[in-house]
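Participant: Quick one: structure below, then a few questions.
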Amino acid sequence: NYELGSKNTLACGRVTLNGAAYYVDWTDIQLDARLGCGFGLAINAGKAVSKGFELETVIEPFQGLTLAAAVAYTAAEIKRSAPGVSAGDGDPIPYVADWSWNASAQYRFPLPNGFDMFLRGEVNHVGNRWNDTRSIGPAALLLDSYTIAGLRVGVSRDNWTTALFANNLFDERVVTQRTSGGLPMETVGRPFTVGVTTRFTF
């Protein structure tokens, strides 16, 4: 693994800017393979390379408001297939999206009696990715990209926090895993969900 990065604090600590580029030379990479009967196994697919970059920033324009964003690019592919493996040179590594990003905004302000209240919104995006190596043919499916949003409002004091949350705000149908062939199956993320969490720290 090779990585080169930089961490920077600017504007008297109100701006943080971090970045990194990396290169991974991977031998005997393990991939999940699914048989026609529906059962699966882990296989050594040969040699692979993963390279990309990550950028993230956190900005505090004024006290209590925090804005954050991050973006990542990954190019991960098989470079040399092992004998007997249904993977070809240049096949993308399954379930690795080229692009992903996230952004959030949080505002925290004091309440009487030592309480703090916070409001937070966030958006997460994951790009297209293959469910298997493309060389297996029609069984290889390109999964759609997805973007999900969430909101959270809560109060905190000392070592505890209670929050009301709403995840997957627009009820997106998110497919995280999909198989095809003799026994097609899908794994999906949670739909629109509302709940309450309480957390204590010691």
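Participant: Which listed residue (Thr201, Leu31, Cys12) has the Cα farthest towards the positive end of the charge dipole for the chain, taking +1 on Lys and Arg C-beta and -1 on Asp and Glu C-beta about the Cα centre?
Facilitator: Thr201
Participant: Right, another one. Rank these residues by their accessible area, most exposed first, probe 1.4 Å: Phe192, Phe165, Phe170.
Facilitator: From most exposed to least exposed: Phe170, Phe192, Phe165.
Participant: Express the relative contact order of the chain as a whole percentage, based on alpha carbon pairs under 8 Å and six or more residues apart in sequence.
Facilitator: The value is 13 percent.
Participant: Still on this structure, I have one more. Where does the Debye-calculated log10 I(q)/I(0) of the chain sit at q = 0.12, 0.19 Å⁻¹, using only Cα point scatterers of equal weight, no solvent?
Facilitator: Scattering profile of the chain, log10 relative to I(0): -0.82, -1.28.
Participant: Of Asn44, Pro184, Gly137, whose Cα points farthest to the positive end of the dipole of the chain (charges on the beta-carbon: +1 Lys, Arg; -1 Asp, Glu; origin at the Cα centre)?
Facilitator: With unit charges placed on the Cβ atoms, the residue in question is Pro184.
Participant: Excluding ligands, DNA and RNA, what is the solvent-accessible area per residue of the chain at a probe of 1.4 Å, expressed in Å²?
Facilitator: Ligands and nucleic acids excluded, the figure is 63 Å² per residue.
Participant: How large is Rg over Rh for the stretch 53-128, taking Rg from the Cα atoms and Rh as the Kirkwood inverse mean of 1/r across Cα pairs?
Facilitator: 1.30
Participant: For the chain, which whole percent of the accessible surface, found with a 1.4 angstrom probe, sits on carbon and sulfur atoms?
Facilitator: Carbon with sulfur: 57 percent of the solvent-accessible area.
The values are calculated or read from the model by the stated rules, or taken from the named source; none is laboratory data. Please read these numbers as outputs of a predicted model, since none were measured by experiment. As a convention, Cβ positions derive from the backbone with ideal geometry for all residues, glycine included, and neighbour counts pool all protein chains shown. Just so you know, the surface numbers come from the protein's heavy atoms only, side chains and all, with ligands and any DNA or RNA stripped out. Shrake-Rupley method; radii C 1.70, N 1.55, O 1.52, S 1.80 Å.
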